[in-house]
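**Student:** This is the structure I want to talk about, given as structure tokens.
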Amino acid sequence: MIAETVCSAVSAAGLGIAVVTAYRKRFLAAARIAAYSLVPVGLVMTGVVGWLADTAFSPTAWAGFGVLGAAWLLFAGTRAVERRRGGTRAERRAARAGATAPAVAPTASAPSLGPGNRSAAGSTKAPRATGSTDDFSDIEAILKKHGI
């Protein structure tokens, strides 16, 4: 009985705020406030408030919520493990079967860049301590290799 009274008071206060908002020419906001303020009365009239009050003090209902929580944890845990493993068992089998296939198509063209300049790596000269343009040749080769 007290829940119905509180819900009615909240709805009345909300409707009062909606009227004041509409008086200030903010009709869209007033309509939204009126909609929110009618929800508690609607819940009381449909019996949802009484059902919630009965559920809140029922140990069986709380045990049911616990079972639902455990089911959700099991579901979330199995999904996390499945993602770490790389999908379902059928997806992993398909990936293993695809791993035996060549990584490059047999009709693929040759790489656009030729073999790298290996003469600098095989030289017997000692590297210079001071910075020069030769020090950046490795970096340039890497950038060219990646098309940058």
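**Student:** Output wanted: per-residue J couplings in Hz (rounded whole) for region 57-71, from phi through Karplus 6.51 cos²θ - 1.76 cosθ + 1.60, θ = phi - 60°, x for Gly and Pro.
**Tutor:** 9, 9, x, 5, 5, 5, 5, x, 5, x, 5, 4, x, 5, 5
**Student:** Let me ask another. At a probe radius of 1.4 Å, what is the per-residue accessible area of residue 142, in Å² to the nearest 10?
**Tutor:** In the full protein context, residue 142 sits at about 100 Å².
**Student:** Of 58, 11, which has the most accessible area with a 1.4 Å probe, and how do the rest follow in descending order? Don't skip to the end; give the middle numbers.
**Tutor:** Values: 58 35, 11 5 Å².
Result of the area sort, largest leading: 58, 11.
The values are calculated or read from the model by the stated rules, or taken from the named source; none is laboratory data. Everything quoted here is computed from the prediction, not taken from an experiment. The area values use the complete protein model at the heavy-atom level, side chains included, leaving out ligands, DNA and RNA. Shrake-Rupley method; radii C 1.70, N 1.55, O 1.52, S 1.80 Å.
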